[in-house]
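Working notes, beginning with the structure itself.
The values are calculated or read from the model by the stated rules, or taken from the named source; none is laboratory data. Quick caveat, the model's predicted, so the values are computed rather than measured. A quick note on method: Cβ atoms are made from the backbone with ideal geometry, for glycine too, and the neighbour counts reach across all protein chains shown.
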Amino acid sequence: MEKKIQDARNILQQIGMPLSQQNDICVYTLLSLAGITDDSNWEEADNQWIGIHDILMFIRDKYGRDYAENTRETIRKNCLHQFRDGAVVEDNGKATNSPLYKYRLTEEFCNLIKYYGTAAWDLQLGSYIHEHGTLVDKYSSKKAMEKLPVNINGADFHFSPGKHNQLQKAIIEEFAPRFAPNSMCLYVGDTVDRDLYKDVDMLNKLGFSITNHDKMPDVVLYRPDVEWLYFIEAVTSVGPMSSKRILELKEMTQKVNVGKVYITAFLNIDTYRKFVKEIAWETEVWLAEMPEHMIHMNGDKFMGPR
């Protein structure tokens, strides 16, 4: 029994499935789809249509693993979706909530695994990967295509995909030229790389005292002609410029003697409305969907250091 389980795991590894699709439940799912039991030879693999309930029954009856019925979604979302992306399985095109919705191994993959353990395996595997690629490569290419290019102080960088970084890109490319002309970016993080860009020398020169426990604003800009620092929080779900946040920033920048401007940036007015009660007075608000305008959280003066 262990031999077939290890065989299936090796197959998933060699065709380039991500590590998360080489776990036990994916291994058992592959064996079920192929109709391979402990007594089978791989040349006996077939690709009959099978539903997820039948997969669970096959695993229980043939391999003694009794997965609960609520495991269906795990198999669907964490095994079969990726198998389909990797040209391992296909579905029958029924509505996903239909009891007739089923999967089977693709003809190409079923033919491939029949060679597993034979002298022809390496040649057949190479042909299969040449034709279909690997899912690891596909996902890597997709992530690379989804990355957001951004120019920071004349150099090219890439943000990871996502709304938060989409907003940070807008701050640098849309807000800064309009409301912080001739400014330089001193800091911007990324949802993956916390310190994507950090001008440590300039931050130190201005008097920043930063430890690993300090949470920098999402974007820090500096405009040397008027000696203004712009502390900008990019808010998609949490973290506007509240009174508490401003106290934290003032504590972090006690030795910074230039003017400080506190700004909360939002993608749109709907998100702004959710947080308006939390935003501190004497701060500024910028909306990426209306980049030409600012909201000044006080009427006595326009944007500037306080």
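Here Leu206 fulfils each of the conditions (1) under 20 Å from Ala265 (Cα atoms); (2) among the aliphatic types (A, V, I, L, M); (3) in contact (Cβ under 8 Å) with a residue 40 or more places away in the chain apart from (1). Taking (1) modelled with pLDDT under 90; (2) exposed (fewer than 12 other Cβ atoms within 10 Å of the Cβ) in turn, Leu148 satisfies each apart from (2). When restricted to residues that are under 19 Å from Asp199 (Cα atoms), in a loop (DSSP other than H, G, I, E, B) and under 24 Å from the mean Cα position of the chain (by Cα), the range 213-260 contains 4.
Scanning the range 283-306 for residues being in contact with a strand residue (DSSP E or B) (Cβ under 9 Å, 6 or more places away or on another chain) and at pLDDT below 90 gives a total of 6.
If I ask for residues that are farther than 14 Å from Gly154 by Cβ and part of a helix (DSSP H, G or I), which ones from the range 175-202 would you list? Phe175, Arg178, Phe179, Val200, Asp201, Met202, listed by residue number.
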